[in-house]
Amino acid sequence: MGKKFRFNWRKWLDGFALAGKGILLATRERRFWIGFGVAFLFFGTLMNLLAGGLSKFQLMGAVGFGGTMKIIGDALIGVFGVNMIFLDWLPVFLIAVLQGTLIGLIVLLWDKKKEQNSANVEKAGIITGLIALGAGCPTCGTTLLTPLVGAIFSTGGLAAAGVISGIVTAAAIVIAVLSLKRIGEEAYVIIINEKFMRRKAEKERV
(Lines give C-alpha, C1' and ligand atoms only; values in the text may rest on other atoms or scores of the structure.)
Protein backbone atom coordinates (compact mmCIF):
# COMPACT_ATOMS: atom_id res chain seq x y z
CA MET A 1 0.00 0.00 0.00
CA GLY A 2 1.31 3.43 -0.86
CA LYS A 3 1.76 6.17 1.69
CA LYS A 4 -1.29 8.28 2.39
CA PHE A 5 -1.05 11.88 1.27
CA ARG A 6 -1.22 14.34 4.13
CA PHE A 7 -1.63 18.02 3.46
CA ASN A 8 0.88 20.06 5.45
CA TRP A 9 -1.26 22.90 6.78
CA ARG A 10 1.59 24.41 8.78
CA LYS A 11 3.84 24.63 5.73
CA TRP A 12 0.96 26.10 3.70
CA LEU A 13 0.25 28.76 6.33
CA ASP A 14 3.98 29.51 6.65
CA GLY A 15 3.92 30.20 2.92
CA PHE A 16 1.22 32.82 3.45
CA ALA A 17 3.27 34.40 6.26
CA LEU A 18 6.31 34.53 3.98
CA ALA A 19 4.23 36.00 1.16
CA GLY A 20 2.91 38.65 3.55
CA LYS A 21 6.46 39.63 4.44
CA GLY A 22 7.31 39.80 0.75
CA ILE A 23 4.35 42.09 0.05
CA LEU A 24 5.29 44.36 2.98
CA LEU A 25 8.85 44.61 1.66
CA ALA A 26 7.51 45.36 -1.82
CA THR A 27 5.41 48.27 -0.52
CA ARG A 28 8.66 50.09 0.29
CA GLU A 29 9.46 50.22 -3.43
CA ARG A 30 8.19 53.02 -5.66
CA ARG A 31 7.95 50.67 -8.65
CA PHE A 32 5.43 48.52 -6.79
CA TRP A 33 3.14 51.48 -6.20
CA ILE A 34 3.30 52.53 -9.86
CA GLY A 35 2.09 49.10 -10.99
CA PHE A 36 -0.43 48.91 -8.17
CA GLY A 37 -1.96 52.32 -8.85
CA VAL A 38 -2.42 51.79 -12.58
CA ALA A 39 -3.89 48.29 -12.19
CA PHE A 40 -6.12 49.26 -9.24
CA LEU A 41 -7.72 52.17 -11.09
CA PHE A 42 -7.99 50.35 -14.43
CA PHE A 43 -9.59 47.15 -13.16
CA GLY A 44 -11.78 48.89 -10.60
CA THR A 45 -13.13 51.27 -13.24
CA LEU A 46 -13.64 48.45 -15.76
CA MET A 47 -15.55 46.32 -13.25
CA ASN A 48 -17.83 49.25 -12.40
CA LEU A 49 -18.49 49.87 -16.09
CA LEU A 50 -19.42 46.22 -16.61
CA ALA A 51 -21.41 45.86 -13.38
CA GLY A 52 -24.69 46.17 -15.27
CA GLY A 53 -23.65 44.19 -18.32
CA LEU A 54 -22.89 46.10 -21.52
CA SER A 55 -25.53 48.78 -21.01
CA LYS A 56 -23.05 51.51 -20.00
CA PHE A 57 -20.94 50.87 -23.09
CA GLN A 58 -24.05 51.06 -25.26
CA LEU A 59 -24.96 54.33 -23.54
CA MET A 60 -21.44 55.68 -24.14
CA GLY A 61 -21.97 55.16 -27.84
CA ALA A 62 -25.07 57.35 -27.77
CA VAL A 63 -24.14 60.26 -25.48
CA GLY A 64 -21.04 61.58 -27.24
CA PHE A 65 -17.59 62.40 -25.89
CA GLY A 66 -18.70 64.53 -22.93
CA GLY A 67 -21.24 61.98 -21.76
CA THR A 68 -18.75 59.16 -22.20
CA MET A 69 -16.19 60.96 -20.04
CA LYS A 70 -18.83 61.47 -17.34
CA ILE A 71 -19.74 57.78 -17.33
CA ILE A 72 -16.08 56.77 -17.10
CA GLY A 73 -15.48 59.40 -14.41
CA ASP A 74 -18.39 58.09 -12.35
CA ALA A 75 -17.04 54.54 -12.68
CA LEU A 76 -13.59 55.78 -11.61
CA ILE A 77 -14.73 57.55 -8.45
CA GLY A 78 -17.00 54.59 -7.77
CA VAL A 79 -13.85 52.56 -7.09
CA PHE A 80 -13.54 54.61 -3.88
CA GLY A 81 -17.19 54.05 -2.92
CA VAL A 82 -18.60 57.36 -4.20
CA ASN A 83 -22.31 57.00 -5.04
CA MET A 84 -22.04 53.22 -4.55
CA ILE A 85 -24.06 50.83 -2.41
CA PHE A 86 -21.65 49.35 0.13
CA LEU A 87 -22.33 45.69 -0.70
CA ASP A 88 -21.88 46.44 -4.43
CA TRP A 89 -18.72 48.46 -3.85
CA LEU A 90 -16.89 46.15 -1.41
CA PRO A 91 -16.20 43.16 -3.73
CA VAL A 92 -15.13 45.48 -6.56
CA PHE A 93 -12.76 47.31 -4.22
CA LEU A 94 -11.31 44.07 -2.79
CA ILE A 95 -10.68 42.55 -6.21
CA ALA A 96 -9.16 45.81 -7.50
CA VAL A 97 -6.81 45.91 -4.49
CA LEU A 98 -5.82 42.26 -4.90
CA GLN A 99 -5.29 42.61 -8.65
CA GLY A 100 -3.37 45.86 -8.16
CA THR A 101 -1.11 44.13 -5.63
CA LEU A 102 -0.52 41.26 -8.06
CA ILE A 103 0.40 43.59 -10.91
CA GLY A 104 2.53 45.74 -8.60
CA LEU A 105 4.49 42.67 -7.49
CA ILE A 106 4.92 41.48 -11.07
CA VAL A 107 6.24 44.90 -12.16
CA LEU A 108 8.65 44.96 -9.21
CA LEU A 109 9.85 41.40 -9.84
CA TRP A 110 10.48 42.14 -13.50
CA ASP A 111 12.57 45.20 -12.63
CA LYS A 112 14.55 43.35 -9.95
CA LYS A 113 15.21 40.36 -12.19
CA LYS A 114 16.40 42.78 -14.85
CA GLU A 115 18.74 44.51 -12.39
CA GLN A 116 20.13 41.31 -10.92
CA ASN A 117 20.80 39.80 -14.33
CA SER A 118 21.39 42.74 -16.66
CA ALA A 119 23.23 40.50 -19.14
CA ASN A 120 20.07 38.51 -19.75
CA VAL A 121 17.19 40.98 -19.77
CA GLU A 122 15.14 38.93 -22.23
CA LYS A 123 15.21 35.92 -19.93
CA ALA A 124 14.08 38.08 -17.02
CA GLY A 125 11.16 39.37 -19.07
CA ILE A 126 10.13 35.87 -20.14
CA ILE A 127 10.27 34.55 -16.57
CA THR A 128 8.17 37.41 -15.27
CA GLY A 129 5.71 36.97 -18.13
CA LEU A 130 5.31 33.32 -17.14
CA ILE A 131 4.71 34.42 -13.55
CA ALA A 132 1.93 36.70 -14.75
CA LEU A 133 0.35 33.93 -16.82
CA GLY A 134 0.69 31.45 -13.96
CA ALA A 135 -0.89 33.88 -11.52
CA GLY A 136 -3.76 34.53 -13.87
CA CYS A 137 -6.00 37.56 -13.90
CA PRO A 138 -8.99 36.97 -11.63
CA THR A 139 -10.26 40.46 -12.35
CA CYS A 140 -10.24 39.77 -16.09
CA GLY A 141 -12.37 36.67 -15.52
CA THR A 142 -14.77 38.59 -13.32
CA THR A 143 -15.16 41.52 -15.71
CA LEU A 144 -15.65 39.27 -18.73
CA LEU A 145 -18.18 36.98 -17.05
CA THR A 146 -20.24 39.76 -15.46
CA PRO A 147 -21.84 41.01 -18.72
CA LEU A 148 -22.29 37.41 -19.89
CA VAL A 149 -24.25 36.60 -16.74
CA GLY A 150 -26.45 39.65 -17.35
CA ALA A 151 -26.98 38.68 -20.98
CA ILE A 152 -27.85 35.02 -20.33
CA PHE A 153 -30.46 35.70 -17.65
CA SER A 154 -33.54 37.72 -18.44
CA THR A 155 -35.18 40.17 -16.04
CA GLY A 156 -37.07 37.29 -14.45
CA GLY A 157 -33.81 35.55 -13.63
CA LEU A 158 -32.11 38.40 -11.78
CA ALA A 159 -31.90 36.40 -8.56
CA ALA A 160 -30.08 33.55 -10.30
CA ALA A 161 -27.84 36.03 -12.10
CA GLY A 162 -26.96 37.66 -8.77
CA VAL A 163 -26.06 34.30 -7.22
CA ILE A 164 -23.83 33.32 -10.17
CA SER A 165 -22.21 36.75 -10.23
CA GLY A 166 -21.50 36.40 -6.50
CA ILE A 167 -19.92 32.98 -7.04
CA VAL A 168 -17.73 34.34 -9.84
CA THR A 169 -16.63 37.26 -7.66
CA ALA A 170 -15.84 34.97 -4.70
CA ALA A 171 -13.84 32.68 -6.99
CA ALA A 172 -11.90 35.67 -8.33
CA ILE A 173 -10.97 36.73 -4.78
CA VAL A 174 -9.83 33.20 -3.85
CA ILE A 175 -7.70 32.90 -7.02
CA ALA A 176 -6.15 36.32 -6.39
CA VAL A 177 -5.25 35.42 -2.79
CA LEU A 178 -3.65 32.12 -3.87
CA SER A 179 -1.76 33.93 -6.63
CA LEU A 180 -0.54 36.52 -4.13
CA LYS A 181 0.83 33.70 -1.96
CA ARG A 182 2.98 32.38 -4.78
CA ILE A 183 4.21 35.74 -6.08
CA GLY A 184 4.63 37.17 -2.58
CA GLU A 185 6.93 34.29 -1.65
CA GLU A 186 9.08 34.91 -4.72
CA ALA A 187 9.15 38.66 -3.98
CA TYR A 188 10.40 37.94 -0.47
CA VAL A 189 13.20 35.70 -1.73
CA ILE A 190 14.32 38.17 -4.41
CA ILE A 191 14.22 41.25 -2.16
CA ILE A 192 16.07 39.51 0.69
CA ASN A 193 18.65 38.15 -1.76
CA GLU A 194 19.13 41.64 -3.19
CA LYS A 195 19.77 43.05 0.29
CA PHE A 196 22.22 40.24 1.05
CA MET A 197 24.14 40.81 -2.19
CA ARG A 198 24.25 44.57 -1.54
CA ARG A 199 25.67 44.07 1.96
CA LYS A 200 28.17 41.54 0.62
CA ALA A 201 29.34 44.01 -2.04
CA GLU A 202 29.71 46.76 0.58
CA LYS A 203 31.87 44.50 2.79
CA GLU A 204 34.07 43.57 -0.17
CA ARG A 205 34.67 47.26 -0.91
CA VAL A 206 35.80 47.99 2.65
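Annotations for the structure displayed:
- Pairs are defined by a Cβ separation below 6 Å, a sequence spacing of at least 6 or placement on different chains, a first member in region 34-47 that is touching a residue at least 60 places away in the same chain (Cβ under 8 Å), and a second member that is open to solvent by 30 Å² or more (accessible area, probe 1.4 Å); the pairs so defined are Gly35/Ile103; Gly35/Val107; Ala39/Ile103.
- Every condition in (1) open to solvent by less than 30 Å² (accessible area, probe 1.4 Å); (2) at pLDDT 90 or above holds for Val38 except the one numbered (1).
- Residue in region 3-20 that is open to solvent by 50 Å² or more (accessible area, probe 1.4 Å), closer than 30 Å to Val189 by Cα and in contact with a helix residue (DSSP H, G or I) (Cβ under 6 Å, 6 or more places away or on another chain) present: yes
- Extreme residue, modelled with the lowest pLDDT, among residues of region 94-126 that are over 13 Å from Trp33 (Cα atoms) and touching an Asp or Glu at 6+ places or on another chain (Cβ under 7 Å): Gln116
- Options Ala187, Ala172: the member that is modelled with pLDDT under 75, open to solvent by less than 60 Å² (accessible area, probe 1.4 Å) and within 16 Å of the chain's Cα centre (by Cα): Ala172
- Region 52-75: number of residues that are under 26 Å from the mean Cα position of the chain (by Cα), open to solvent by 70 Å² or more (accessible area, probe 1.4 Å) and modelled with pLDDT under 90: 3
- If you go through region 83-114 and keep only what is part of a helix (DSSP H, G or I), without any contact (Cβ under 8 Å) to a residue 40 or more places away in the chain and out of contact with any Gly (no Cβ under 7 Å at 6 or more places or on another chain), you end up with Phe86, Leu87, Asp88, Leu90, Lys114.
- Cβ-Cβ distances below 7 Å connect the following pairs, each with a first residue in region 171-199 that is over 17 Å from Ile103 (Cβ atoms), a second residue that is open to solvent by 60 Å² or more (accessible area, probe 1.4 Å) and of a type in the set (Lys, Arg), and a separation of six or more residues or different chains: Tyr188/Lys21.
- Search result, residues across region 76-97 that are open to solvent by less than 30 Å² (accessible area, probe 1.4 Å) and more than 11 Å from Asn48 (Cα to Cα): Ile95
The values are calculated or read from the model by the stated rules, or taken from the named source; none is laboratory data. Remember, predicted model here, so these are calculated numbers, not experimental data. Ideal geometry is used to build each Cβ from the backbone, glycine not excepted, and the neighbour counts take in all protein chains shown. Side chains are part of the model used for accessible areas, which takes the heavy atoms of the whole protein and leaves out ligands, DNA and RNA. Shrake-Rupley method; radii C 1.70, N 1.55, O 1.52, S 1.80 Å.
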